[in-house]
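Just below is one structure, and these are the notes that go with it.
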Amino acid sequence: AKLRVGLLFGGRSGEHEVSIISARAIAKALAGESNAQKYETLPFYIDKDGLWHSPAVAQQVLDAGVPRNEGGETGDRAKLWQFPAEAGTVEVWFPILHGPNGEDGTIQGLLTLMQVPFVGTGVMGSAVGMDKLAMKTAFSRADLPQVKYMAVTRSQVWSNPCVFPKLCDEIEQNLGYPCFVKPANLGSSVGISKVRSRSELEAALDSAASYDRRLIVEAGVVAREVECAVLGNDNAKASVVGEITYESDFYDYETKYTDGKASLFIPAELPESVATQVQEMAIRAFEAVDGAGLSRVDFFYVEATGEIFINEINTLPGFTALSMYPQLWAKTGVSFTELVDRLIELAIERHTDKS
Ligand code: ATP
Ligand code: MG
Ligand code: MG
Ligand code: MG
């Protein structure tokens, strides 16, 4: 009999649209070549209100490639706990949801309660990977080099008018300009600003505080941006290293999602020792957050000094046909179709190890 795969996509995050495109590509891979004999796909769509939709509706969304509604608050909270009947028949889940409510451990908690294997990192690793402050703590325990940073809370920014100027002074003294202000728990560069002056810093802190209670400010580096894909559970493997280039000020939301604004180079043109270090650091980062299945680990490579800083780990990276994660594996010798198959095997392996 075929294994029933629940392909879970959409979700209440700014990366909803990307999730639909990722899910389309994965659905196609599950229906292709040898996978068609092994797997039966049941798609499930979580709309922008957080409501789950049946495979029939989900298939329409996949075919159309666009969201069903604009999102808001659902009037009836009980509906958030109503899952389509078909969900009970799923034998392995493939969640491909990005950002908050998708990549941060929340959906992983729900799938854990369902007692069915699922693709990707578990609750703790997802939450640690998503929260940039928790992530940096885990990385520093693993001796991974990082840029200088400071943790900031929303209350320091908003609640006390005496604290705020001192906070800005401290940031200027410790980190200088340019620096990057980020909400701790987001993705796709949402809420992130690059700042070069006191007034920009003040505005950026105020803006980031509107997204999250926890903020981070980092010293800016002039560096090449390189990324490495990790695949596996224990003894995970690293892919070749890729590079992203762009003309804009930094790799912001618009650059990420406008066709032609960013270019990927795979493999990146790097000294072999740099590529090897990046791969070794990617695996260490994956292990530091207890990653499982897949992750994309991002780095800053400062060519002038040879320094490599880890930027972040993304435990559920973009998975469209054009995304860095599957492209890195394709260039390493694992096709998109094989990758999807392997991730499902890894989900089952991890589940069996735990139970
Ligand atoms: P993703 O969509 O990959 O999850 P994200 O929202 O988690 O991204 P970051 O990767 O932290 O955000 O930052 C987004 C971009 O901002 C980086 O790719 C880089 O271009 C720029 N950037 C962030 N921090 C720094 C820094 N300390 N120095 C230089 N550039 C930075
Ligand atoms: Mg990220
Ligand atoms: Mg991300
Ligand atoms: Mg990033």
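So the values come out like this:
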| quantity | calculated |
| --- | --- |
| Candidate set from the range 263-280 (those that are among the hydrophobic types (A, V, I, L, M, F, W, C) and touching a Leu at 6+ places or on another chain (Cβ under 9 Å)); member that is farthest from residue 221 (Cα to Cα) | 266 |
| Helices (runs of 4 or more DSSP H) wholly inside the range 1-112 containing at least 1 residues that are buried (at least 21 other Cβ atoms within 10 Å of the Cβ) and out of contact with any helix residue (DSSP H, G or I) (no Cβ under 9 Å at 6 or more places or on another chain) | 16-30 |
| Subset of the range 162-187 [under 16 Å from residue 249 (Cβ atoms) and either part of a helix (DSSP H, G or I) or within 11 Å of ligand 2 (Cβ to nearest atom) (or both)] | 182 |
| Residues satisfying the stated conditions in the range 1-19, i.e. under 17 Å from residue 325 (Cβ atoms) and over 15 Å from the mean Cα position of the chain (by Cα) | 7 |
| Residue in the range 216-229 that is farther than 27 Å from residue 327 by Cβ, without any contact (Cβ under 8 Å) to a residue 24 or more places away in the chain, crowded, with 18+ Cβ neighbours inside 10 Å and within 16 Å of ligand 4 (Cβ to nearest atom) present | no |
| Residue ID - farthest from residue 217 (Cα to Cα), chosen from residues in the range 148-194 that are within 16 Å of ligand 4 (Cβ to nearest atom) and β-branched (Val, Ile, Thr) | 190 |
| Of residues in the range 118-128 being of a type outside the set (Gly, Ala, Ser) and either buried (at least 23 other Cβ atoms within 10 Å of the Cβ) or at pLDDT below 95 (or both), the one farthest from residue 29 (Cα to Cα) | 128 |
| Cross-chain or 6+ apart pairs with Cβ under 6 Å, the range 289-314 first and within 17 Å of residue 268 (Cβ to Cβ) and assigned to a strand (DSSP E or B), then modelled with pLDDT of 95 or more and more than 16 Å from ligand 4 (Cβ to nearest atom) | 308/277; 309/145 |
| Selection within the range 301-328 - within 22 Å of residue 259 (Cα to Cα) and of a type in the set (Phe, Trp, Tyr) | 319, 325 |
| Set 203, 219, 236: member being over 17 Å from the mean Cα position of the chain (by Cα) and under 19 Å from residue 136 (Cβ atoms) | 219 |
| From 306, 260, 242, residue being in contact with a Leu (Cβ under 8 Å, 6 or more places away or on another chain) and of a type outside the set (S, T, N, Q) | 242 |
| Of all residues in the range 147-187 being of a type in the set (Gly, Ala, Ser) and more than 16 Å from ligand 1 (Cβ to nearest atom), the one that is nearest to residue 16 (Cα to Cα) | 155 |
| Residue in the range 295-303 that is more than 14 Å from ligand 2 (Cβ to nearest atom), touching a Gly at 6+ places or on another chain (Cβ under 7 Å) and farther than 19 Å from residue 104 by Cα present | no |
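Residue by residue, here is whether (1) among the polar types (S, T, N, Q); (2) modelled with pLDDT under 95; (3) under 20 Å from the mean Cα position of the chain (by Cα) holds:
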{"site": "102", "(1), (2), (3)": "no, yes, yes"}
{"site": "106", "(1), (2), (3)": "yes, no, yes"}
{"site": "116", "(1), (2), (3)": "no, no, no"}
{"site": "150", "(1), (2), (3)": "no, no, no"}
{"site": "154", "(1), (2), (3)": "no, no, no"}
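The values are calculated or read from the model by the stated rules, or taken from the named source; none is laboratory data. Not measured: the values here are computed from a predicted model. Neighbour counts are summed over all protein chains in view; Cβ atoms, including those assigned to glycine, are modelled from backbone coordinates with ideal geometry.
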